[in-house]
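Working notes, structure below.
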Amino acid sequence: MKIRILIACSFILNVYGSENTINNQWCKKMNGISQFTTKDRTYVDCLTDEYAVETEYDYNWKEAVGQSLHYAETTDRKAAILLIQRSSSKKNYLSELNRVIQKFDLPIKVYVTGEQ
């Protein structure tokens, strides 16, 4: 049982670390601020002059929609998502995300990057 918990914790840390690393590198290229604290005490993954960006792996695109809109509202920026496409994905999550954005005319810019 202890080994399973340790393996699960290691997996979670590796996923978080990878997402965080990808976000930090991308945000730096965009001249943004990583982990910007909002007035609501939430953390924008990357805040640029124009966008409040939520960075998320492709399979979490649904959560990214709500978070990006919240961050945009609380920072008075436009909403954006940095979608990390995994090479192991069996679904086209980007297509699903874009379909929802178009259907409901959501003001969300989508950036796409791969795993590193």
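Nothing in this text is a laboratory measurement; each read-out follows from the coordinates by a stated rule. Because the structure is a prediction, the values reported are computed rather than measured. Cβ placement follows ideal geometry from the backbone for every residue including glycine, while neighbour counts extend to all protein chains displayed.
When CYS27, CYS46 are arranged by Cβ crowding within 10 Å, least crowded first, meaning fewest neighbours, the order is CYS27, CYS46.
The residue list VAL112, SER88, ASN60 was ranked by how far each Cα lies along the charge dipole of the chain toward its positive end, using unit charges on Cβ atoms, and SER88 comes out on top. Run down the aspartates and glutamates and flag those whose C-alpha is under 19 Å from the C-alpha of LYS39, throwing out any fewer than 8 positions away in its chain. Candidates past the 8-residue exclusion: ASP49, GLU50, GLU54, GLU73, ASP76. Ranked by the mean number of other Cβ atoms within 10 Å of their residues, highest first, the peptides 69-81, 47-59, 87-99 come out as 47-59, 69-81, 87-99. The ranking of GLU19, GLU115 from fewest to most other beta carbons within 10 Å of each one's beta carbon is GLU115, GLU19.
Distance from the C-alpha centroid of the range 47-67 to that of the range 89-114: 11 Å, rounded to the whole angstrom. With Rh defined as the Kirkwood radius, the inverse of the mean 1/r over Cα pairs, the Rg/Rh of the range 2-114 is 1.00.
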